[in-house]
Amino acid sequence: MRRVFFLGALLAACSSATPPATPRLQFVATARQFGPVSFRDPLGVLSPDGETLAWSVQHHLYIRRVNGGPIRELATEPGLILHLAWLPDSRGIIAEHRDRTPRWWKYDLLADRHAPLFRPGQRAGPAGPLSDSLRQYAIARDGRMAAVQEGGAGSALWLFGGVADSAEVIHSKRRLSFPFFAPDGHLACMARDDQRQLLRNPCGGVASALDVEAYGPA
């Protein structure tokens with residue numbers, strides 16, 4: 001089984017007087033899947049500068065420039081890769097590895113090396129959970145991190161770090177997942193109940209008619 005990655009033109013979320021150009025698909029890479037699986041594999045993420053695609057197959061991690069060129073496989077830690085995210089400067093990638101301690105690793109593309117993402121015992125704020133225990137990390141340009149805490153009733157999404165090194169938590173009865181930072185720095189996420197999944201923008205906002213129903217992983 002294989003998965004083919006295409007890139008299309010992204011439409012701005014804000015209104016514009018100029019009609020958007022017709023989206024165009026561009027072939028980037030083919031990722032081969034190692035048989036049927038019950039999780040997201042392969043995964044693919046585009047760098048913030050739009051120039052490089054990273055994708056994983058099991059514990060293998062690859063990158064390739066969107067405009068073509070060789071495929072580069074990075075030396076990785078053991079353990080199936082469950083989540084990928086780019087650093088804001090497009091010079092590195094963070095990855096979550098299953099059955100690995102620590103769970104989160106940072107891959108430096110320029111130095112061609114990797115290391116644990118967090119210090120031993122580091123927490124999401126003074127009274128927060130261990131940073132390495134959180135899931136589905138996203139990183140903002142100012143260094144803030146957002147991630148999901150599993151367990152308990154509902155969901156908890158932690159937002160911490162940055163210049164002020166502050167921490168806050170968003171609680172919801174819905175299942176929150178896949179946080180991401182908009183270009184202006186505010187946080188959005190997916191919110192799911194038993195029937196449907198919504199794009200909540202901003203993540204901590206109340207439900208409204210502006211929420212967009214979204215299909216995809218949760």
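The values are calculated or read from the model by the stated rules, or taken from the named source; none is laboratory data. Please read all numbers here as calculations on a predicted model, not as lab measurements. Cβ placement follows ideal geometry from the backbone for every residue including glycine, while neighbour counts extend to all protein chains displayed. These accessible areas exclude ligands, DNA and RNA; they are computed on the full protein's heavy atoms, side chains included. Shrake-Rupley method; radii C 1.70, N 1.55, O 1.52, S 1.80 Å.
In summary, His114 fulfils each of the numbered conditions (1) on the phi > 0 side of the Ramachandran plot; (2) of a type outside the set (D, E, K, R); (3) outside any loop (DSSP other than H, G, I, E, B) with the single exception of condition (1). Taken as a whole, the range 105-113 holds at least one residue that is touching an Asp or Glu at 6+ places or on another chain (Cβ under 9 Å), more than 24 Å from His186 (Cβ to Cβ) and not hydroxyl-bearing (Ser, Thr, Tyr).
Residues that are without any contact (Cβ under 8 Å) to a residue 40 or more places away in the chain and open to solvent by less than 40 Å² (accessible area, probe 1.4 Å) number at least 2 in the following strands (runs of 3 or more DSSP E) confined to the range 59-105: 92-97. Of all residues in the range 29-58, those satisfying the criterion of being surrounded by 13 or more Cβ atoms within 10 Å (Cβ to Cβ), in a loop (DSSP other than H, G, I, E, B) and at pLDDT 90 or above are Ser47, Pro48.
If you filter the range 178-188 down to residues that are on the phi < 0 side of the Ramachandran plot and outside any loop (DSSP other than H, G, I, E, B), you find that the one that is most open to solvent (accessible area, probe 1.4 Å) is Phe180. A single entry from Ser166, Ser172 fulfils the requirement of being out of contact with any His (no Cβ under 8 Å at 6 or more places or on another chain), surrounded by 13 or more Cβ atoms within 10 Å (Cβ to Cβ) and polar (S, T, N, Q): Ser172. Could we say that Leu109 is surrounded by 18 or more Cβ atoms within 10 Å (Cβ to Cβ) and in contact with a Phe, Trp or Tyr (Cβ under 6 Å, 6 or more places away or on another chain) here? The answer is no for Leu109. Determine, yes or no, whether Ala191 is among the hydrophobic types (A, V, I, L, M, F, W, C) and surrounded by 12 or more Cβ atoms within 10 Å (Cβ to Cβ). Yes; evaluated as a whole, the condition is true for this residue.
Candidates Ala127, Ala156: the one that is over 27 Å from Ser90 (Cα atoms) and part of a loop (DSSP other than H, G, I, E, B) is Ala127.
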